[in-house]
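Encoded as structure tokens, the structure appears first; notes follow it.
Throughout, read-outs are computed from the coordinates displayed, never taken from laboratory work. In this text, all values refer to a predicted model and were calculated from it rather than measured experimentally. Glycine also receives a Cβ, built like all others from the backbone with ideal geometry; neighbour counts cover every protein chain displayed.
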Amino acid sequence: MSESPKSQRVAIVTGGASGIGLVLARALAADSYSVVIADTQNAEAAAKTLCDEGLRVVGVYADVTKVSDTENMVAHAVAAYGGLDVLVNNAGLFTSLTLKPFDQISPAEWMKVMEVNTLGPFLCARAALPALRSRGGGRIVNIASTSQLKGAPFMLHYTSSKGAVVAFTRSLARELGGEGITVNAIAPGFTLSDGVLAAGMEERMGEVVRRLSRSIQRDQMPADLVGALLFFAGDGSAFVTGQTLAVDGGSVFL
Ligand SMILES: NC(=O)c1ccc[n+]([C@@H]2O[C@H](COP(=O)([O-])OP(=O)(O)OC[C@H]3O[C@@H](n4cnc5c(N)ncnc54)[C@H](O)[C@@H]3O)[C@@H](O)[C@H]2O)c1
């Protein structure tokens, strides 16, 4: 991690234009990071909204499944703010998925989910590495899910992809630890993000998933993830890597 003051640190949040990603981008910017929102939809509009709140944010179109987009995303961060310290791999396919028995998932749908949720973090980490190295270290924070820790029916592609994110986190932590780059994952429980609300998923999930399975029996909001992100992005986690932190009101215990 760079020795620079936090006010000069730079973070990219993929899928940061809406939902959990937007809340995480706003929280990093409010904590004095300069932030790049990378998304396939509304990246610049979301960045403008945060700039109007007095925050340092730019937006860039980036599809995390495209090598050139991920490289351009990092170049954009370096051009706008002079470097990169934190990569948040948040972009993922979840709220657009239809729950279905596993034998009704087509191979094409399986591959699409794997492409965004597993190829995406790989390409983003690969693109970010030179910029993180040139700062002398950094942070990669991956958004996993508690669904893969518990096992969850009717979204086998999704839970399998998030299992891969945890494996990716552990193995990449081993590769990059010597360079001062930590790699950790946050596993949210079912969260009332913009996408979840727009898709009406909260109705379908029901009381047990939303509240009753948790020790703290209330709905989970995107803001509940902010504390974990700021910890993994900041100096206090310098000796913590390869970890997955479940943030779900005490439903899963690791
Ligand atoms: N909401 C939940 O209950 C929940 C629970 C656990 C984990 N998660 C994970 O949290 C992350 C965010 O979830 P959310 O609920 O905010 O989702 P969302 O659907 O509301 O937002 C996802 C964002 O990612 C962007 N995106 C999608 N594909 C992209 C691509 N190829 N390249 C760049 N951006 C892309 C979308 O445009 C959108 O802005 C996802 O990784 C999801 O799997 C969500």
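Here are the numbers:
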| quantity | calculated |
| --- | --- |
| Under the Karplus curve 6.51 cos²θ - 1.76 cosθ + 1.60, θ = phi - 60°, whole-Hz ³J(HN,Hα) for the stretch 63-75, x wherever Gly or Pro sits | 8, 5, 8, 10, 3, 5, 5, 5, 5, 5, 4, 5, 4 |
| Debye, to nearest 20: dipole size of the stretch 1-157, +1 on Lys, Arg Cβ, -1 on Asp, Glu Cβ | 340 debye |
| Peptides 178-185, 74-81 ordered by average Cβ neighbours within 10 Å, highest first | 178-185, 74-81 |
| Residue (of VAL23, SER237, PRO101) at the positive-pole extreme of the chain, dipole from beta-carbon charges | SER237 |
| GluC sites (Glu not before Pro) lying in DSSP loop within the stretch 16-99, provided at most 16 other Cβ fall within 10 Å | GLU53 |
| Distance between the stretch 2-70 and the stretch 184-241 - C-alpha centres, whole angstrom | 19 Å |
| Cα-derived Rg over Rh, computed across the stretch 150-221 with Rh taken as Kirkwood radius | 1.08 |
| Distant-in-sequence amide H partners of ASP248 (H built 1.01 Å from N, under 5 Å) | GLY189 |
| Segment ASP194-GLU53, length gained on full extension (0.36 nm per residue, minus Cα span) | 48.8 nm |
| Reachable lysines from LYS112, criterion Cα separation under 27 angstrom, eight or more residues apart if same chain | LYS66, LYS100, LYS150, LYS162 |
| At most 14 other Cβ within 10 Å, DSSP loop - chymotrypsin sites (Phe, Trp or Tyr not before Pro), the stretch 225-254 | PHE239, PHE253 |
| In nm, spacing of pseudo-spin labels at ARG126 and MET221 (7 Å Cα→C-beta vector) | 3.9 nm |
| Relative exposure of ASP52, ASP31, judged by other C-beta atoms within 10 Å (fewest first) | ASP52, ASP31 |
| Fewest-first sequence of THR169, THR118, THR14 by Cβ atoms within 10 Å of each Cβ | THR118, THR169, THR14 |
| The stretch 35-157 - convex hull of the alpha-carbon atoms, volume per residue in Å³ | 115 Å³ |
| Karplus 3J(HN,Hα) series, Hz, for the stretch 153-166 with 6.51 cos²θ - 1.76 cosθ + 1.60 (x for Gly, Pro) | x, 6, 8, 4, 5, 5, 5, 5, 5, 6, x, 5, 4, 5 |
| Acute angle (nearest 10 degrees) that the helix 43-52 long axis makes with the longest principal axis of the chain, alpha-carbon atoms | 70 degrees |
| Whole-number Å³ per residue for the convex hull built on Cα positions in the chain | 114 Å³ |
| Calculated from backbone phi, Karplus (6.51, -1.76, 1.60) coupling profile of the stretch 19-27 in Hz, x at Gly/Pro | x, 4, x, 5, 5, 5, 4, 4, 5 |
